[in-house]
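*Asks:* Supplied in structure tokens, the structure appears directly below.
The values are calculated or read from the model by the stated rules, or taken from the named source; none is laboratory data. Just so you know, these numbers come straight off a predicted model, no measurement behind them. Here Cβ is always computed from backbone atoms with ideal geometry, including for glycine, and neighbour counts include all displayed protein chains. Areas reflect the complete protein model, heavy atoms only, side chains present, ligands, DNA and RNA absent. Shrake-Rupley method; radii C 1.70, N 1.55, O 1.52, S 1.80 Å.
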Protein chains: 2
Amino acid sequence: MMEWKNLDTLTSFEELSKVAEVDLTKVMSGENGAERVKKYSTPMAEGLAYNYAAKKVDDNTLAALAKLAEEAQLSEKFAALYNGEVVNTGEKRLVLHHMTRGQLGDAVEADGVDKRSFYVEQQNRIADFANKVHAGEITNAAGEKFTTVVQIGIGGSDLGPRAMYLALENWAKKNNTFKMEAKFISNVDPDDAAAVLASIDVAHSIFVLVSKSGTTLETLTNESFVKDALKNAGLDASKHMIAVTSETSPLAKSDDYLAAFFMDDYIGGRFSSTSAVGGAVLSLAFGPEVFAQFLDGAAEEDKLSLNKNMLENPEMLDALIGVYERNVLGYPATAVLPYSQALSRFPAHLQQLDMESNGKSVNRFGESVNYVTGPVIFGEPGTNGQHSFYQLLHQGTDIVPLQFIGFKNSQIGTDVVIQDSTSQQKLCANVAAQIVAFACGKADDDRNKNFEGGRPSSIIIGEELNPKTLGALLAHFENKVMFQGFLWNINSFDQEGVQLGKVLAKRVLAHDTDGALKVYSDLLNI
Amino acid sequence: MMEWKNLDTLTSFEELSKVAEVDLTKVMSGENGAERVKKYSTPMAEGLAYNYAAKKVDDNTLAALAKLAEEAQLSEKFAALYNGEVVNTGEKRLVLHHMTRGQLGDAVEADGVDKRSFYVEQQNRIADFANKVHAGEITNAAGEKFTTVVQIGIGGSDLGPRAMYLALENWAKKNNTFKMEAKFISNVDPDDAAAVLASIDVAHSIFVLVSKSGTTLETLTNESFVKDALKNAGLDASKHMIAVTSETSPLAKSDDYLAAFFMDDYIGGRFSSTSAVGGAVLSLAFGPEVFAQFLDGAAEEDKLSLNKNMLENPEMLDALIGVYERNVLGYPATAVLPYSQALSRFPAHLQQLDMESNGKSVNRFGESVNYVTGPVIFGEPGTNGQHSFYQLLHQGTDIVPLQFIGFKNSQIGTDVVIQDSTSQQKLCANVAAQIVAFACGKADDDRNKNFEGGRPSSIIIGEELNPKTLGALLAHFENKVMFQGFLWNINSFDQEGVQLGKVLAKRVLAHDTDGALKVYSDLLNI
């Protein structure tokens, strides 16, 4: 019998809070530390590994976390989700983003169709379209090949696909699968669209309009902006645009688009990178085969999330440790620190994924919870972050848990040897050094140069950032966020918190304001 | 008599903590709210205004903050700084970044020269050099004009200049002062340099190597990377490189560079955007006149920071409110949310500026403090953030104070009318709406759709983002961070927290490791 219970009503959570806190400065020192690094690691898909040796856990903590996983019925809840229960209770929707890359359980029928078949069909339709664009069978009106793809979308229709594009751009160039440059227009600030349009050759550009509802004001506004530019260039906009939307949206059957590809209400925006939302732009940019590999990587990681043994389930384990840090140790934020320039916007995507999913104060029944939920998420690539905000991470008054990511090899492979090491070795040496510096610290009589240590981190290590490992990485964080939502007993799949601002913005634009809102509107000259 | 005392030893701080907390949902409603928005605003330089109506302050709070400003001797400490006292006590250095854009007090002599004259001289030397590059008097070996400038630097030599470049790129193009495209190489990840080099025409590129000490390993490594690329292209690297460094650095008089421009030990990296560190790349990209306007804006704002009346000193006021939120109300983070795509990397610069300056646990005498200091700083441009992490800001369990920035006009000026409003109006309507939504909230019987409100924000409003307003904005945050450091009685001008990681990374590269560090090194294949 599955029960949805608040975290603070679980016996195992009370037990967890009584487990002695691990002193990282002690356990990570000497040979004991070496043993921990070897022991506290679990394999992920595609050769990745999740290493949590520098987290404040030991066998006692892990035993308590395993009990919590069981009492909170994490595996059962995940099964309910992928077998098609209405887990998004607020919006009364299924949650099916895993099905865009595989089938973990039962066939799920909705809207009169088998959903796995539906997502595969969209993937195939996109592949066919992209192949025809690359082959010059679909061209602009002058019969010339398209050279650039521009995604128009915001939030989940922007951050995930943009981060994935940047993550694979250099890999694709190196591996000769690079087909078209991609650009992104998201902000309603007119300078965003204007700057992107000034940087491209519109006559050879294809635009992907992404809006599930077909009513996102920012996106429709930017579509008009682009259509104006196409018209001013003497071009027929309908020969330059495709849509990614739901089948019921006004965009779905419009003559304004060369083609429309579909997602549905069961794919939340922030979980949509593996759906047509990511599929169209990534297939056009890198070829459908690369997008398929990305899905394969995600599907492989999803399978690991099925493991009931927490120690063999990196997502569940990461989620549990995060809740321990948040709700027992009381840490307010988490930093995501990839030692890979290609992952420069991956933290921004995770910021949305995590904060929009779990930044909630009520449980799934609409009752206020008595504990903190999702933390603030932020991050920048190392080594850049080291020369920026790491000062606070090392010596600030708050402890911020850290999530490192590192790869043994670079993507492009060009390198230089300075002082007997390559840049890639320097990069990796830095992340290894940081983990130990944060955990162990270093005593100094000059308190200004003293490092207390005891600052927990984990690291995901892989051979190379490529489509498969990127897919696995994405699925890891998606599933971690999902498991944390289960632990906090919240609905991670709605976002009611974005509504009030939209309502008030409409009132401002309609000049239907009074009080403070009217004065702000006047000050801003609206 | 000036005294450096811990925040919790000040009588006025104890009084502040007893002031009744303002209920924003009440005071920001109705006509009272309208009055607050008009009243709680203070002019900044260049037509900007700092509006703090949606902060949890009223006349009682402000009176207590004014007492705190006085007891903490904020104005006296700023005067000590700009008059040349050794305020950076840890490193025993003067703190003179204000002098790169003006002279606020006494002449300061150091290293045998008048420092204001020294900074002006460097600015003039850069202007002369940039003008010659633009005029085609300084060219590549083939006598062809340079078309691209590439900054090689990390941390303060990267984030500030990069954010300023992005902030002004479209403005300069629109106003016909755009001279050369700028690119930035920072990360020791070899893919960073390789990708930038693949995107430019090296034969027509001039590289700016920025390192105060001349020993920053990441930067020297990337310099070698670039030199290899130049050599492989059959080019003489010394005809393509300039250095920005201190006069005592090994780079200062090297034949490897076309020219060297100087900063000194009295300019911290994160405060160096107005020195030669920002000056070289920005003068080359936009012309020296634009850089001079940027300095003028910063200098004008600096003058406002001299006001002893807190209500006429936006930086002091912002700093005091921030300390109230951090140390009395207990909020752990602050979000910086510019409604301007051009400010896309401004939050990343402020993240370094703030967290590296004030992420400290010891006071300026090296004694542990008993209160929290610098918060986590993060942010993304609106409206993008609205579709990302604002869910947590509206409905999460932690309250995160917000710093909005908005401009009445866009930079490029191209716009489109959809549903009776321009994109720029939509952008501004959104920020106005968000302030009120965060402050007032909205009750709903469905707790999932309920907004508690009471979430404080401020906004800086201007006509347009241009060199002068950007300078004022930058100086605002630099001085805010400085005043907060005074309040917390910490040294905001050193960064000892970055040292341990450097030491351990060197050990890894020398294979001089044991324990956990050795195992991590093995896992990462170093």
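*Asks:* Does A:Ser423 meet the test of being within 27 Å of B:Ile185 (Cα to Cα) and modelled with pLDDT of 95 or more? Break it down stepwise before answering.
*Replies:* On the way: within 27 Å of B:Ile185 (Cα to Cα): yes; modelled with pLDDT of 95 or more: yes.
Yes, satisfied.
*Asks:* Give the residues of segment B:24-68 that are within 14 Å of chain A (Cβ to nearest Cβ), outside any helix (DSSP H, G or I) and not small (Gly, Ala, Ser), sorted by residue number.
*Replies:* Kept after step one, since they are within 14 Å of chain A (Cβ to nearest Cβ), are these residues of segment B:24-68: B:24-44, B:47-55.
Filter again for outside any helix (DSSP H, G or I), leaving B:28-29, B:40-44, B:48-55.
If the condition is that a residue be within 14 Å of chain A (Cβ to nearest Cβ), outside any helix (DSSP H, G or I) and not small (Gly, Ala, Ser), then B:Met28, B:Tyr40, B:Thr42, B:Pro43, B:Met44, B:Leu48, B:Tyr50, B:Asn51, B:Tyr52, B:Lys55 are the ones that fit.
*Asks:* Based on this model, can you work out whether A:Gly379 counts as in contact with a strand residue (DSSP E or B) (Cβ under 8 Å, 6 or more places away or on another chain) and not aliphatic (A, V, I, L, M)?
*Replies:* Values: in contact with a strand residue (DSSP E or B) (Cβ under 8 Å, 6 or more places away or on another chain): yes; not aliphatic (A, V, I, L, M): yes.
Taking the combined requirement at face value, the residue satisfies it.
*Asks:* Same structure, new question: Residues in segment A:483-491: is at least one open to solvent by 20 Å² or more (accessible area, probe 1.4 Å) and modelled with pLDDT of 95 or more?
*Replies:* Quick first cut of segment A:483-491, residues open to solvent by 20 Å² or more (accessible area, probe 1.4 Å) only: none.
No, the conditions are met nowhere in segment A:483-491.
*Asks:* May I ask you to verify whether B:Val400 is open to solvent by less than 30 Å² (accessible area, probe 1.4 Å), of a type in the set (A, V, I, L, M, F, W, C) and farther than 28 Å from A:Gly268 by Cα? Before the answer, list the steps.
*Replies:* Details: open to solvent by less than 30 Å² (accessible area, probe 1.4 Å): yes; of a type in the set (A, V, I, L, M, F, W, C): yes; farther than 28 Å from A:Gly268 by Cα: no.
In short, no.
*Asks:* What is the residue count in segment B:265-274 for residues that are open to solvent by 10 Å² or more (accessible area, probe 1.4 Å) and farther than 14 Å from B:Glu356 by Cα?
*Replies:* Taking segment B:265-274 and keeping what is open to solvent by 10 Å² or more (accessible area, probe 1.4 Å), we get B:265-266, B:268-269.
Imposing the further condition that a residue be farther than 14 Å from B:Glu356 by Cα reduces the set to B:265-266.
Here the count works out to 2.
*Asks:* Of the residues B:Gly454, B:Gly366, B:Gly382, only one is in contact with a helix residue (DSSP H, G or I) (Cβ under 8 Å, 6 or more places away or on another chain), more than 7 Å from every other protein chain (Cβ to nearest Cβ) and surrounded by fewer than 24 Cβ atoms within 10 Å (Cβ to Cβ); which? Step through it out loud before you land on a result.
*Replies:* Values: B:Gly366 fails: more than 7 Å from every other protein chain (Cβ to nearest Cβ); B:Gly382 fails: surrounded by fewer than 24 Cβ atoms within 10 Å (Cβ to Cβ).
Going through B:Gly454, B:Gly366, B:Gly382 in turn, the sole match is B:Gly454.
*Asks:* Then there is this: Any idea how many residues of segment B:494-526 are in a loop (DSSP other than H, G, I, E, B) and open to solvent by less than 20 Å² (accessible area, probe 1.4 Å)?
*Replies:* Our first condition is that a residue be in a loop (DSSP other than H, G, I, E, B); within segment B:494-526, this holds for B:494-495, B:510-514, B:524-526.
Now restrict to residues that are open to solvent by less than 20 Å² (accessible area, probe 1.4 Å): B:494, B:524.
Of the residues in segment B:494-526, 2 are in a loop (DSSP other than H, G, I, E, B) and open to solvent by less than 20 Å² (accessible area, probe 1.4 Å).
*Asks:* Taking the criterion of being part of a strand (DSSP E or B) and either surrounded by 24 or more Cβ atoms within 10 Å (Cβ to Cβ) or among the hydrophobic types (A, V, I, L, M, F, W, C) (or both), would at least one residue in segment B:221-236 satisfy it? Break it down stepwise before answering.
*Replies:* We begin by selecting, within segment B:221-236, every residue part of a strand (DSSP E or B); these are none.
No - not one qualifying residue is present in segment B:221-236.
*Asks:* Considering A:Ala172, A:Ala80, A:Ala193, A:Ala130, which residue is within 14 Å of chain B (Cβ to nearest Cβ), touching a residue at least 60 places away in the same chain (Cβ under 8 Å) and in a helix (DSSP H, G or I)?
*Replies:* Working: A:Ala80 fails: within 14 Å of chain B (Cβ to nearest Cβ); A:Ala193 fails: touching a residue at least 60 places away in the same chain (Cβ under 8 Å); A:Ala130 fails: within 14 Å of chain B (Cβ to nearest Cβ).
Only one candidate qualifies: A:Ala172.
Rundown of residues vs (1) more than 28 Å from A:Val498 (Cα to Cα); (2) free of Cβ contacts under 8 Å to residues at least 40 places away in the same chain, yes/no style:
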| site | (1), (2) |
| --- | --- |
| B:Leu306 | yes, no |
| B:Glu315 | yes, no |
| B:Ala335 | no, no |
| B:Phe346 | no, no |
| B:His349 | no, no |
| B:Glu356 | yes, no |
| B:His387 | no, yes |
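*Asks:* Now, a different point. Just for segment B:432-451: of the residues that are at the interface with chain A (Cβ under 7 Å from one of its Cβ atoms), under 30 Å from the mean Cα position of the chain (by Cα) and under 28 Å from A:Asn491 (Cβ atoms), which one is surrounded by the fewest Cβ atoms within 10 Å (Cβ to Cβ)? Lay out the reasoning, then the answer.
*Replies:* Residues of segment B:432-451 that are at the interface with chain A (Cβ under 7 Å from one of its Cβ atoms), as a first pass: B:432-437, B:442, B:446-449, B:451.
Checking which are under 30 Å from the mean Cα position of the chain (by Cα) leaves us with B:432-437.
Then keep just the ones that are under 28 Å from A:Asn491 (Cβ atoms); that gives B:433-437.
Values: B:Ala433: 25, B:Gln434: 32, B:Ile435: 28, B:Val436: 32, B:Ala437: 28.
It comes out as B:Ala433.
*Asks:* Among A:Leu393, A:Leu470, A:Leu427, which is the only one that is touching a helix residue (DSSP H, G or I) at 6+ places or on another chain (Cβ under 8 Å), more than 9 Å from chain B (Cβ to nearest Cβ) and either β-branched (Val, Ile, Thr) or not in a strand (DSSP E or B) (or both)? Walk me through it before giving the result.
*Replies:* Details: A:Leu393 fails: more than 9 Å from chain B (Cβ to nearest Cβ); A:Leu427 fails: more than 9 Å from chain B (Cβ to nearest Cβ).
Checking each option against the conditions leaves just A:Leu470.
*Asks:* Another question about this same structure. Is segment B:320-334 home to any residue that is small (Gly, Ala, Ser) and within 14 Å of another protein chain (Cβ to nearest Cβ)? Explain how you work it out, then say what you get.
*Replies:* In the first step, residues of segment B:320-334 are kept if they are small (Gly, Ala, Ser); the result is B:322, B:330, B:333.
Filter once more, so that each one left must be within 14 Å of another protein chain (Cβ to nearest Cβ): B:330, B:333.
Yes; the residues of segment B:320-334 include at least one that is small (Gly, Ala, Ser) and within 14 Å of another protein chain (Cβ to nearest Cβ).
*Asks:* Among the numbered criteria (1) farther than 30 Å from B:Leu524 by Cβ; (2) open to solvent by 50 Å² or more (accessible area, probe 1.4 Å); (3) in contact (Cβ under 8 Å) with a residue 40 or more places away in the chain, which one does A:Gly47 miss?
*Replies:* In the conditions (1) farther than 30 Å from B:Leu524 by Cβ; (2) open to solvent by 50 Å² or more (accessible area, probe 1.4 Å); (3) in contact (Cβ under 8 Å) with a residue 40 or more places away in the chain, A:Gly47 misses (1) alone.
*Asks:* Related question: Name every residue in segment B:196-218 that is surrounded by fewer than 23 Cβ atoms within 10 Å (Cβ to Cβ) and away from chain A (no Cβ under 13 Å), in order of residue number.
*Replies:* Scanning segment B:196-218 gives B:Ile200, B:Asp201, B:Val202, B:Ala203, B:His204, B:Gly214.
For (1) of a type in the set (Phe, Trp, Tyr); (2) assigned by TED's automatic domain parsing to the domain that holds A:Asn358; (3) open to solvent by 10 Å² or more (accessible area, probe 1.4 Å), each residue gets a yes or a no:
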| residue | (1), (2), (3) |
| --- | --- |
| A:Thr25 | no, yes, yes |
| A:Lys39 | no, yes, yes |
| A:Asn51 | no, yes, no |
| A:Ala66 | no, yes, yes |
| A:Glu76 | no, yes, yes |
| A:Tyr82 | yes, yes, yes |
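*Asks:* Quickly run through segment A:239-261 and pick out the residues that are open to solvent by less than 30 Å² (accessible area, probe 1.4 Å) and at pLDDT 95 or above. Full working, then the answer.
*Replies:* Quick first cut of segment A:239-261, residues open to solvent by less than 30 Å² (accessible area, probe 1.4 Å) only: A:240-246, A:249, A:251-252, A:257, A:259-261.
Result: A:His240, A:Met241, A:Ile242, A:Ala243, A:Val244, A:Thr245, A:Ser246, A:Tyr257, A:Ala259, A:Ala260, A:Phe261.
*Asks:* Scan segment A:473-493 for residues that are within 11 Å of chain B (Cβ to nearest Cβ) and not in a loop (DSSP other than H, G, I, E, B) and jot them down.
*Replies:* Residues of segment A:473-493 that are within 11 Å of chain B (Cβ to nearest Cβ), as a first pass: A:488, A:490-492.
Across segment A:473-493, the qualifying residue is only A:Trp488.
*Asks:* Another question, then. Could you list all residues from segment B:396-424 that are in a strand (DSSP E or B), touching a residue at least 12 places away in the same chain (Cβ under 8 Å) and either on the phi > 0 side of the Ramachandran plot or within 7 Å of chain A (Cβ to nearest Cβ) (or both)?
*Replies:* Let us first name the residues in segment B:396-424 that are in a strand (DSSP E or B), namely B:402-407, B:417-418, B:421-422.
Subsequent filtering for residues that are touching a residue at least 12 places away in the same chain (Cβ under 8 Å) retains B:402-407.
Listed by number, the list holds a single entry, B:Gly406.
*Asks:* Got a number for residues in segment A:282-315 being surrounded by fewer than 19 Cβ atoms within 10 Å (Cβ to Cβ) and closer than 16 Å to A:Leu81 by Cα?
*Replies:* The number of residues fulfilling the criteria is 4.
*Asks:* What tally of residues in segment B:123-178 results from selecting those that are under 24 Å from the mean Cα position of the chain (by Cα) and buried (at least 20 other Cβ atoms within 10 Å of the Cβ)?
*Replies:* Residues flagged as under 24 Å from the mean Cα position of the chain (by Cα) and buried (at least 20 other Cβ atoms within 10 Å of the Cβ) within segment B:123-178 amount to 24.
*Asks:* Might you check whether a residue that is assigned to a helix (DSSP H, G or I), of a type outside the set (A, V, I, L, M, F, W, C) and in the same structural domain as A:Ala429 (by TED's automatic domain parsing) occurs anywhere in segment A:305-314?
*Replies:* From segment A:305-314, those assigned to a helix (DSSP H, G or I) are A:310-312, A:314; that's our starting set.
From what is left, the residues that are of a type outside the set (A, V, I, L, M, F, W, C) are A:312, A:314.
So of that shortlist, the ones also in the same structural domain as A:Ala429 (by TED's automatic domain parsing) come out as A:312, A:314.
Yes; the residues of segment A:305-314 include at least one that is assigned to a helix (DSSP H, G or I), of a type outside the set (A, V, I, L, M, F, W, C) and in the same structural domain as A:Ala429 (by TED's automatic domain parsing).
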